[in-house]
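Computed from the coordinates by the stated procedures, all read-outs in this text should not be read as laboratory data. A quick note: this is a predicted structure, and the numbers were derived from the prediction, not measured. Here the Cβ is made from the backbone with ideal geometry for all residues, glycine too, and neighbour counts use every protein chain on show.
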Amino acid sequence: MLYHLLLQTVKTQQSAGVSPGQPHLLLYNLNDDKHVEEAINDLSQAAIGGSLYVIADEVMSELSVGNTMKNFQTLCDKLLTQVPRLHLWAASCYHGDAPTGWQVEYLTRPLRSPPAVVREVEQDEKITRHRHVKPYSERGVADHTDGPPVTRLYHRGQGHSGRFPGDCVTCGLDVACFLLSLPVGVTESSTTTSTTLTSTSGTPPCLQWRDVLVLYWDDVSDHSCMVTGLLEAGIPVGMMTDEDIEDVATARSDVVWVADGRLVFGLERKVVVCVDDPGDDLFRYKLLERYNPSSPRLHLMSRCTSQLVIVCP
């Protein structure tokens, strides 16, 4: 998404007769030593005879899994010695991983989500207990409303089947029913999804299907019973894979994207449906967090800029 925003800026400047240069999107796995060396070589070559500007987003994984932290620090240190005119900005929701001596700024004002969503996110144990993530500070600007109330749907009662909501067609139908109760389909001039919406009625106006994300805390497939329920209700659904990242990031297709929450770090949508919140199932949560570095509150609910829906076991 950042790359495409930069492209738009460059095109605007070029149409005005300014030649600002060209952004390049480079993808590396910093947990792989070979990728780190490749990144150092690529970037050093690109900087020959000029300045190098690097923006690295979400560079750290949970608890710096594997070699990520060490390799990222190696990348920074080597670039600093090999590129005299280096400008490097890196972002991570985790703190304490910056290379020694590098300037650090903590951005903790909750400007993405309305207060109703912030209250859910800030309960995450990575903030309250483990302290891997800095707590929110004061917003610093007035809140015109609290935002739409957080909606909870429950996997229980007549018609529900399977152990968890993702295994249940009825849960999919319940989610579809809620989405259809929102003013989805009203056209608006902008197709971006980063604006926080509030209204006196408490519901987000001017929604399109592209403004909705359905996020699982674990893997999801097109055989998901919840997806079946959404489709049966007539909701246009797209199952996100690695090949769809550009489409999802730019909100190009007007569909409700269903995704593993680990694939959408950093993206925002007006409506986020968080499926199978494992915080309500302590045993399963403790079992899965060994293998899943993401967190349902920190990484899934924080994607929401207006209406949050939690489908609970």
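Computed values, structure above
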quantity: Cα Rg, Dmax (largest Cα-Cα span) when computed across the range 40-175, Å; calculated: 21.5, 69
quantity: Rounded to the nearest 20 debye, dipole of the range 1-120 from Cβ charges on Lys, Arg, Asp, Glu; calculated: 440 debye
quantity: Linear extension gain, GLN45 paired with HIS87, 0.36 nm per residue minus alpha-carbon span; calculated: 13.6 nm
quantity: Computed FRET value (nearest 0.05) for THR151 with ASP247, which takes r as the C-beta separation and R₀ as 41 Å; calculated: 0.95
quantity: Student exercise, the range 60-160 dipole from Lys, Arg, Asp, Glu Cβ charges, in Debye to nearest 20; calculated: 140 debye
quantity: Rel. contact order, % - alpha carbon contacts under 8 angstrom, at least six apart, the range 39-149; calculated: 25 percent
quantity: C-alpha center-to-center spacing [the range 1-72, the range 152-186] in angstrom; calculated: 40 Å
quantity: Whole-Hz ³J(HN,Hα) from phi, Karplus 6.51 cos²θ - 1.76 cosθ + 1.60, for the range 40-48, glycine and proline x; calculated: 4, 5, 4, 6, 5, 5, 5, 8, 4
quantity: Furthest towards positive pole of dipole, ILE55, GLY21, ASN71, structure part the range 1-148, Cβ charges; calculated: GLY21
quantity: Zero-based 5 Å bins, Cα pair distances in the range 1-54, whole percents; calculated: 4, 17, 20, 18, 20, 12, 5, 3, 1
quantity: Calculated FRET efficiency for the pair THR108/ALA142, C-beta based, R₀ 22 Å, to 0.05; calculated: 0.75
